[in-house]
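The values are calculated or read from the model by the stated rules, or taken from the named source; none is laboratory data. Computed from a prediction, not measured in an experiment: that's the story for all the values here. Here the Cβ positions follow ideal geometry from the backbone for every residue, glycine too, while neighbour counts run over all protein chains shown.
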Amino acid sequence: MADSGNGPARPASPPGGVSAAFFDLDRTLMSGSSGFFWARAAARAGMISRRRLALDAWENIRFRLRGSTDATTDRVMVRVGAMLEGKRVVDFDRLGPQVLAGVLPRLYPQMLQIAWDHQDAGRPAYIVSAASQETAAMIAHVLGFDGALGTPLERRDGRYTGRLAGPFAYRDGKPQLMQELAAREGIDLAESYAYSDSESDLPMLRAVGHPVAVNPDGALARVAREEGWDILRFDRLGGHLKMLGGLTAAGLLGAVGRTAVRRAGPR
């Protein structure tokens, strides 16, 4: 796929069945890992050890540089399950403001504008993340998204059991959750969009008709070039948006050059 400084025209409203836009969270909507800020808030509240936080910080650095791997993700999920077992749900709900304080400054305003432009075109926007459903839904609500698909954590009598209550929202789990949502809401995935940075999200990207690679890792970049998918790259947080591959001068969904985060009003 040839490199280009152009972007596709702003999308028209869906003419028939409902289409949607799906956004990975970590390294796609934001720089780094949302999980680290959740762990940091838990450590400050005395729910996990400082040693555990240090290990999570190291995992976050590796993630920022290289992205995720199956082994790393599985290891994190086992650790999180063990930490949550028997803990009160309300205690973790109260960490929300601290988590948001870490996440919000690391959002890519260009990606938020893309999501909001989808909504303005009549296309609902969803976060799809390996993060817990609670975390993903909280961030989606604050950003004005229409919903979120995260990893469901099992609860019993107001406490976490340490087990999952549904598909792990990673790799094949993401399209499974998207297909379940599509069946409930009448969404046509063949007319929908998906955005991600990682090769691990190829199942998610291939589940829709309009996949877009965002700051892709090496493996995803190769696939995107081979498949002729659009590729977006950001210089830095809030910085200039680079567009690669088959894009028109209008800028992807009208987002070129927009660096200020628009406030999400009620929808």
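Annotations
- Near pairs, Cβ below 6 angstrom, 6+ apart or cross-chain, from the range 24-48 (in contact (Cβ under 8 Å) with a residue 24 or more places away in the chain and among the polar types (S, T, N, Q)) to any residue that is buried (at least 24 other Cβ atoms within 10 Å of the Cβ) and part of a loop (DSSP other than H, G, I, E, B): Ser34/Leu25
- Residue satisfying condition, being touching a Lys or Arg at 6+ places or on another chain (Cβ under 7 Å) and without any contact (Cβ under 8 Å) to a residue 40 or more places away in the chain, within set Pro216, Pro203, Pro211: Pro203
- Selection status of Arg123, touching a Pro at 6+ places or on another chain (Cβ under 8 Å), over 26 Å from Arg44 (Cα atoms), modelled with pLDDT under 95 and not in a helix (DSSP H, G or I): no
- Single residue of the range 136-160 satisfying the filter (of a type in the set (Val, Ile, Thr) and crowded, with 16+ Cβ neighbours inside 10 Å) that is nearest to Leu107 (Cα to Cα): Ile139
- For the range 207-216, taking the residues that are of a type outside the set (S, T, N, Q) and either under 15 Å from the mean Cα position of the chain (by Cα) or closer than 15 Å to Leu177 by Cβ (or both), the one that is surrounded by the most Cβ atoms within 10 Å (Cβ to Cβ) is identified as Ala213.
- Residue match in the range 224-236 (condition: at pLDDT below 95, in a loop (DSSP other than H, G, I, E, B) and surrounded by fewer than 14 Cβ atoms within 10 Å (Cβ to Cβ)): yes
- Any pair with Cβ under 8 angstrom, 6 or more apart, that starts in the range 130-147 at a residue that is modelled with pLDDT under 95 and hydroxyl-bearing (Ser, Thr, Tyr) and ends at one that is surrounded by 20 or more Cβ atoms within 10 Å (Cβ to Cβ) and in a strand (DSSP E or B): Ser132/Gly150; Ser132/Thr151; Ser132/Leu153; Thr135/Ser129; Thr135/Gly150
- When residues of the range 1-25 are limited to those that are modelled with pLDDT of 90 or more and closer than 15 Å to Ala115 by Cα, the one surrounded by the most Cβ atoms within 10 Å (Cβ to Cβ): Phe22
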